[in-house]
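Enquirer: For reference, the structure I am asking about is given below.
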Amino acid sequence: MGFAVPYTDLANEALLLEGPLAEAFWRVLNSGRYVLGPELAAFESEFAAFCGVRHAVGTSSGTAALLLTLRSLGLPPDAEVITASNSFVATAAAIILAGAKPVFADVGEDGNIDPSSIEAVVTARTRALIPVHLAGRPCRMREILLIAERNRLIVIEDAAQAIGAKLDGRRVGAFGHAACFSLNPLKNLYAYGDGGVVVTNDSALAQRIAQARSHGLADRERCDFFSYNCRLDELQAALLRVQFPLLEERNEARRRIAKRYNELLAPYGEVPEEKPGEYCVYQTYIFKHDRRDALQEHLRRCGIEAIVHYRTLIHEQPAAAEFAHPRQLLPRARRYADRILSLPIYPGLARPQQDCVASLIAEFVGRHTA
Ligand SMILES: *Cc1c(COP(=O)(O)O)cnc(C)c1O
C-alpha cells in the first residue's frame, strides 16, 4: 500500500548513491573475494575508529553480534543478564540463546533502562547488564557503569538503534565492555540486507568473537570450538563503506527533523526532548499520547505511516512464558508501550511532509480535547 508519507524511503536513498554503490559492487565482484577479505577489514577499522574503540568485528546481523558477544564471555549456565523489556525481541533472544536468563528492569520516561530500578533485580547469579540505547538516545551510562562496578557486572551496550549517538561527547559503543550494533536497513547505517558489528577494547574478546563468527576456526585447519557461520560479507562491507561517510550528515538531518517535530508537536502530547549531555540520533522519533491507537489509525487513514515500537513487551511475548518472572510487572515499561507512536523520520523527509504529519496530529488532538 502506498503512503503519502511512508515510514522510510530506502529506495530513494539508494538512488542518491547509485554511482558509488555500483562502483563498490563491481570492485568486489571483480576481486573474486567475497568473504573475510579487505573490504570487511577496512570497514571494521573505520567503524572502530568512528566509535573511538580499538576493535570492531563485523557479523551477519545485530542479533548475531549480541549472541556471539554473550557466548564469548563464557557465562556460567545459571547466569542472569539484566536488560529492558521494551526492546526489540532480539536483545532477550540473544541472552536465551547464549544459555543465560533475561531479567528485566523497569524504564524511565525516555524508554531507556532506569538505573534506579537495576539493583532491585540483581541477584547472586547476575553476570551482565545490557542497556539498550532505545530510539537513538544514549542510556544514563555513568550511573549504569557505577552500578555495574559495584555489583561486578559486565556491561554490553545494545547500540543497534544508536549508531553515532553521544553522551557527554563520547560515542555510544565506547562505554561498555563491548557494544553491539545492527546494520539492518531500518537502522541509521545499513547494509542492503542484514549485517551487524561488535566493538570492544578487549583484544582477547574481539579475537574470540572473530573466531566464533566463522566456525570457531583459528585457521583453515584448526577448529578450537564448534560455532556458527555469522560473517559480514565483502559485498555488504563495501556497500556500507560507501554510506559510512554520510552517516553524520544523515544523523544531523534526523536531528533537525526531530527538533522541528518537537516544536510543532509539543502542545499536543509528549515529545522526545534531549537532556543535557545527550546527542540523540533518532533512529525512531517517538511521540507519546494517551489515545495512541486512535491517533495511529487517524494518521493511517490520511496516508501517514506511523508504527509502534513495540506494542508487546518482551516478557509478555508467548516466547517468554517459560523465562519471565511471574511477578515482574514493569508498570512504567507497560505505560510507555501503551502511549508510544513512531512517526516517519528519515534524512530525506521533506518539510511539507513533516508539516502534514504535525497538522494531522494537531487536528486529531484538537478534536478529542474539545
Ligand atoms: C534491530 C535491533 C536488534 C537486532 O538487530 P538485527 O540486525 O535485526 O539482528 C537488536 N536490538 C535492538 C535494540 C534492535 O533495534
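The values are calculated or read from the model by the stated rules, or taken from the named source; none is laboratory data. These numbers were taken from a predicted model, which means no experiment stands behind them. Virtual Cβ from ideal backbone geometry, glycine too; neighbours counted across all protein chains shown. The accessibility values were calculated without ligands, DNA or RNA, using every heavy atom of the protein model including side chains. Shrake-Rupley method; radii C 1.70, N 1.55, O 1.52, S 1.80 Å.
Enquirer: Which pairs turn up if I take residues in segment 293-322 that are farther than 30 Å from Ala100 by Cβ and open to solvent by less than 10 Å² (accessible area, probe 1.4 Å) and look for partners that are small (Gly, Ala, Ser) and at pLDDT below 95 with beta carbon separation below 6 Å, at least 6 apart in sequence or on another chain?
Expert: Qualifying pairs under 6 Å: none.
Enquirer: Next question. Select the strands (runs of 3 or more DSSP E) contained entirely in segment 134-203, then report the ones holding at least 2 residues which are touching a helix residue (DSSP H, G or I) at 6+ places or on another chain (Cβ under 7 Å) and closer than 18 Å to Ser117 by Cβ.
Expert: Details: elements: 154-158, 178-182, 196-200.
In segment 134-203, the matching strands (runs of 3 or more DSSP E) lie at 154-158.
Enquirer: Out of the helices (runs of 4 or more DSSP H) lying entirely within segment 1-114, which hold 1 or more residues that are more than 16 Å from the ligand (Cβ to nearest atom) and either open to solvent by less than 50 Å² (accessible area, probe 1.4 Å) or not polar (S, T, N, Q) (or both)? Working first, answer last.
Expert: Working: elements: 10-16, 18-31, 38-51, 62-72, 89-97.
In segment 1-114, 10-16, 18-31, 38-51, 62-72 are the helices (runs of 4 or more DSSP H) which contain 1 or more residues that are more than 16 Å from the ligand (Cβ to nearest atom) and either open to solvent by less than 50 Å² (accessible area, probe 1.4 Å) or not polar (S, T, N, Q) (or both).
Enquirer: Next question. Name, by its number, the condition in (1) open to solvent by 60 Å² or more (accessible area, probe 1.4 Å); (2) among the hydrophobic types (A, V, I, L, M, F, W, C); (3) within 30 Å of Ile307 (Cβ to Cβ) that does not hold for Val271.
Expert: Result: Val271 passes all but (1).
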